[in-house]
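Here is the structure we will look at.
The values are calculated or read from the model by the stated rules, or taken from the named source; none is laboratory data. From a predicted model like this one, the values you see are computed outputs, not experimental measurements. Glycine gets a Cβ as well: all are built from the backbone with ideal geometry, and neighbour counts include every protein chain shown. Surface accessibility is based on the protein's heavy atoms, side chains included, excluding ligands, DNA and RNA. Shrake-Rupley method; radii C 1.70, N 1.55, O 1.52, S 1.80 Å.
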Amino acid sequence: MRRRDIALLVVGIGIALVLPRVLYSALALRIVLWALFAVSVDLLLGYGGMLSFGHAAFWGAGGYAAALLAKAYQLPFPLAALGGIAVAMALAAPIGYLAIRRRGIYFAMVTLAFAQMLFYVVNELRDLTGGENGVQGVPKILPGISLGRTSDFYYAALPLVLVGFFVAYRIVHSPFGHVLVSIRDNEARAQALGYPTQRYKLIAFVLSGGIAGLAGSLFAIGNSFASLELLHWTTSGSAVLMTVLGGMGTLWGGGVGAAIVLLLEDSLSSVTEAPGIVTGAILIAIVLGFRRGLAPALQTAAVLAWARLRAMRAAREA
């Protein structure tokens, strides 16, 4: 790992550890899980050039699967989350196989169509999923540890969230990730070099779905509830918004975007009766002002500030 990445990792872990002490625990949990969800979207969009409007299918499928496993079999939440990941990846394989045959807006529409189909299927399977009532009373189980408080679950789930971030980091900084970026930039050239681009895109789609499934699993268990909102198309739109806001192709931008969106929604909900309008206006202004996203802008500002400090120190020593 480069020194810059190590520094970002240390800062990120530090922020994650103190977040429940700065904010209330439920909001802190939402931020880190939505951040992981946005990272899964960025893996596909920022590095693979594939815009998915149906990623809520994997977030929701993982959430429902983990909730049902935890409730029906009283599984510890890490095992239930593994089940959610497996279901999300199994679902992503056939959807990705069909979706990657299209590009651009057609790819986005195919993923959206499959997500909407899953939404209605889950709604109809009322005996299993509870329909509009969802899966309620999902237990948070970890042998030997009480997870009754949200803050307790936050710190218990944080290692899994960090593993999800690390997996995404290793993917994009591996030879596989470099090939994926080359496919994004020029797929015809990558094919001419002998890379099976369809296979690479399918693997990226499945891995992205697995990370989204992990985030959704922890979200459903952490809230003791899995609802149809997990599968709604607006959930996919929110994750794409967070990714674009934070900065596509940065990986860390998903966390920045998730924090900005959720903090705005939480703070404005007590100030105005139409928080969505105010939040939307603020986000539009941010996107127009920072074309590359907030994460690159913050990184550039940090580099300039560090360079200025070093120059000032050198001038004093001289």
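Given ALA99, ALA108, ALA67, ALA115, which one is closer than 22 Å to VAL161 by Cα, of a type outside the set (Val, Ile, Thr) and open to solvent by less than 10 Å² (accessible area, probe 1.4 Å)?
It is ALA67.
Looking only at the stretch 215-261, how many residues end up being part of a loop (DSSP other than H, G, I, E, B) and at pLDDT 90 or above?
Initially, the stretch 215-261 is screened for residues part of a loop (DSSP other than H, G, I, E, B), giving 223-224, 227, 232, 247-252.
Subset that is at pLDDT 90 or above: 223-224, 227, 232.
Number satisfying all stated conditions: 4.
Go through the stretch 70-90 and report how many residues are buried (at least 22 other Cβ atoms within 10 Å of the Cβ) and more than 19 Å from ILE145 (Cα to Cα).
5
In the stretch 140-169, how many residues are touching a residue at least 60 places away in the same chain (Cβ under 8 Å), in contact with a helix residue (DSSP H, G or I) (Cβ under 8 Å, 6 or more places away or on another chain), open to solvent by 30 Å² or more (accessible area, probe 1.4 Å) and outside any helix (DSSP H, G or I)?
Adding up the residues that qualify gives 4.
Go over the candidates ALA212, ALA190, ALA239 one by one and state the one that is open to solvent by less than 10 Å² (accessible area, probe 1.4 Å) and more than 27 Å from GLY134 (Cα to Cα).
On the way: ALA212 fails: more than 27 Å from GLY134 (Cα to Cα); ALA239 fails: more than 27 Å from GLY134 (Cα to Cα).
Selected residue: ALA190, the only one of ALA212, ALA190, ALA239 that is open to solvent by less than 10 Å² (accessible area, probe 1.4 Å) and more than 27 Å from GLY134 (Cα to Cα).
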